[in-house]
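Enquirer: Structure in structure tokens, see below.
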Amino acid sequence: MEPMELIALAIFIGVYGLIMSERIHRTVAAMVGASLVLLIKIVPWERVPEYLDLDTILLLAGMMVVVNVARESGLFEYIAIKTAKLSKGSPMKVLLLFSVVTAVVSAFLDNVTTVLLLTPMLLYITKKMNVNPIPFLLSEVFASNIGGTATLIGDPPNIMIGSAANLSFNEFILNMGPIALVDLFATIGIIYLAYRAEMNSHKENEEGIRMTIMSMDERDAIRDSSLFRKSIVVLIGVVIGFFFHDKLGVEPAVIALTGASILLLWSRASPEHALEKVEWATLFFFGGLFIIVGSLVETGAIAQVANWMVGHVHNEGEAILIISWFSAFSSAIVDNIPFTATMIPLIKAMGSHMNTYPLWWALSLGACLGGNGTAIGASANVVVIGIAHREGVRITFNDFLKVGMTIMITTVAIGTAIIWLRYVGL
């Protein structure tokens, strides 16, 4: 290895180690690593725009502003209560409906934002129903990660993959949507089997539970009716824009920023307040990470790994299996964002040897669903467990692992089989 290649690899491994150990904040680790590769000039300053994926960063920023303004109206709490009332007091129906709502919302909004908004309400509802909240919380976590798999904007790895491979919103829906749908109901089935005794233990009190739930008024959750209506209109408009962005020749980031601008202008909401709540740490983390991975591209380290991998992969079918399962188990242990950032240039480099189109779906599948394997596998997992702990509900690492690993293996197996049948055949 050349000296610069060794230095770039050492910086990457060092940053990755700091992210895994959580000794310092992951954003600080990424910024330090990016600063080093720029100071040493492994990545020339004039090439920074090439590696700094503004499509991903601006798309996230735009959607964060939209969500921050919309949440002030009480929109997401309204959805939660409405969903609970549809269940009419049946624990299994609450589980099913909340899982579906979480998956659908997570397909169009950031997973962490979704669970931040819905978890407190789910805890409130399960407390009113006097049922164990753990199966409901676990189902919510798994549904958020599965729902995020379905669309271009549902999970950060998909945003990165879509930008890198120039994949449209509709392509994600067509390829990952059916997988997410099948995986969601398989997951709900596994949760029910794991906790069926508790689900069926409240049948004698079902009428009391039903009356409690039906007495809740979703309209009480609306804090600003005018903003509530405007938020719905803008969110629907943004989603429609995502569906047709490829036909319009407009990038998803432009649609997200347009939606944010329109909602701020129309609602007269304070831009300072909306921008204050943007996850700037996440955006700077992305930027730093893109530059660090760029150093591996500049020095040829990525190309060497790709060449080694291609030497051991003889066809697309083998590549689909290796990428999906390697991505899943890796993402169950480490953050899927740096992992995806590392894999993207590797798959690009494999393009000289094979068709990489199905490989992007294999990467999306493993990176997004691998997070269901462990309690630290995805940001949404950590957020839900943290909120539950503050409310006196303890979900241990082993509790999560026993169900999560089963669900991860099942859902990745289903997804891999669908991708294989679609692009390789029997």
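Enquirer: Between the DSSP loop rule and a limit of at most 15 other Cβ atoms within 10 Å, which chymotrypsin sites (Phe, Trp or Tyr not before Pro) in region 319-351 are left? Don't skip to the end; give the middle numbers.
Expert: Working: sites: TRP325, PHE326, PHE329, PHE339; in loops: none.
When the chymotrypsin sites (Phe, Trp or Tyr not before Pro) of region 319-351 are filtered for loop state and at most 15 Cβ neighbours within 10 Å, nothing remains.
Enquirer: Using alpha-carbon pairs under 8 Å, 6+ residues apart, how would you state the relative contact order of region 298-382 in percent?
Expert: 40 percent.
Enquirer: Sticking with this structure for a sec: Can you tell me the orientation of helix 280-299 relative to the chain, as the angle in degrees between its alpha-carbon axis and the longest Cα principal axis, to the nearest 10?
Expert: Once rounded, one gets 30 degrees.
Enquirer: Let me ask something else. Got a sec to turn the phi values of region 410-419 into Karplus ³J(HN,Hα) couplings, 6.51 cos²θ - 1.76 cosθ + 1.60 with θ = phi - 60°, whole Hz, x for Gly and Pro?
Expert: Once rounded to whole Hz, the list reads 5, 5, 5, 4, 4, x, 4, 4, 5, 5.
Enquirer: If you don't mind, there's one more thing I want to ask. Probe radius 1.4 Å, ligands and nucleic acids left out: which of GLU5, GLU50, GLU251 has the largest accessible area, and how do the rest follow?
Expert: Details: GLU5 10, GLU50 115, GLU251 85 Å².
Of GLU5, GLU50, GLU251, the descending order of accessible area is GLU50, GLU251, GLU5.
Enquirer: Relative contact order of the chain: what whole-number percent is it, with Cα pairs under 8 angstrom and at least 6 residues apart?
Expert: Relative CO of the chain lands at 25 percent.
Enquirer: Mind checking the angle between helix 156-165 and the chain's longest principal axis? C-alpha axes, 0 to 90 degrees, to the nearest 10.
Expert: Approximately 40 degrees, to the nearest 10.
Enquirer: Next question, about the same structure. Measure off, as a whole percent, the carbon and sulfur share of the 1.4 Å-probe accessible area of region 302-426, all protein chains present.
Expert: Carbon and sulfur together cover 64 percent of it.
Enquirer: If you don't mind, another one. Using Cα centres only, tell me the gap between region 210-249 and region 157-188 in whole Å.
Expert: 22 Å
Enquirer: Give me the net charge for the shell around GLU50: Cβ to Cβ below 14 angstrom, other residues only, Lys and Arg +1, Asp and Glu -1.
Expert: -2
Enquirer: GLY377's amide H: which non-local residues (gap 5+, or another chain) put their own amide H closer than 5 Å, with H modeled 1.01 Å from N in plane and none for Pro or chain starts?
Expert: The list, which skips near neighbours in sequence, is empty: none.
Enquirer: Rounded to the nearest 10 degrees, what's the angle between the helix 379-390 long axis and the longest principal axis of the chain, both from Cα atoms, 0 to 90?
Expert: With both axes taken from Cα atoms, the answer is about 40 degrees.
Enquirer: Binned at 5 Å from 0, what are the whole-percent values of the Cα-Cα distance distribution for region 110-220, short to long?
Expert: 2, 11, 16, 16, 17, 14, 10, 7, 4, 2, 0
Enquirer: Under 10 Å, Cα contacts only: if you run a Gaussian network model on the chain, which one of ASN355, ASN381, ASN372 comes out with the highest mean-square fluctuation?
Expert: ASN355
Enquirer: Please compute P(r) over all alpha-carbon pairs of region 284-383, binned at 10 Å starting from zero, and give each bin as a whole-number percent.
Expert: 17, 44, 33, 6, 0
Enquirer: Same structure again: From the phi angles alone, apply the Karplus equation (6.51, -1.76, 1.60; θ = phi - 60°) to region 311-328 and give each ³J(HN,Hα) in whole Hz, x where the residue is Gly or Pro.
Expert: Computed from phi, the couplings for region 311-328 are x, 10, 10, 9, 7, 5, x, 5, 5, 4, 5, 5, 5, 5, 6, 4, 5, 5 Hz.
Enquirer: Sticking with this structure for a sec: So what is the accessible area of the chain per residue, in Å², with the probe set to 1.4 Å?
Expert: Value returned for the chain: 43 Å² of accessible area per residue.
Enquirer: Turning to a different aspect of this structure: Could you identify which residue out of ALA84, ALA34, ALA165 has the top mean-square fluctuation in a GNM of the chain using Cα springs shorter than 10 Å?
Expert: Highest fluctuation of the listed residues: ALA165.
Enquirer: Sticking with this one: Most fluctuating residue of VAL393, VAL66, VAL293 in a GNM of the chain with Cα springs under 10 Å: which is it?
Expert: Judging by the Gaussian network model, the answer is VAL393.
Enquirer: Hey, what do the phi angles of region 134-142 turn into as Karplus ³J(HN,Hα) couplings, whole Hz, using 6.51/-1.76/1.60 and θ = phi - 60°, x for Gly and Pro?
Expert: Values per residue, Gly and Pro as x: 4, x, 5, 5, 5, 4, 4, 4, 5 Hz.
Enquirer: What's log10 of I(q)/I(0) for the chain at q = 0.07 Å⁻¹, Debye sum over Cα points only, no solvent?
Expert: -0.34
The values are calculated or read from the model by the stated rules, or taken from the named source; none is laboratory data. What you are looking at is a predicted structure, and each value in this text was computed from that prediction instead of being measured. Don't worry about glycine lacking a Cβ; one is built from the backbone with ideal geometry, like all the others, and counts go over all protein chains shown. Quick note on the areas: whole protein, heavy atoms, side chains included, nothing else; ligands and nucleic acids left out. Shrake-Rupley method; radii C 1.70, N 1.55, O 1.52, S 1.80 Å.
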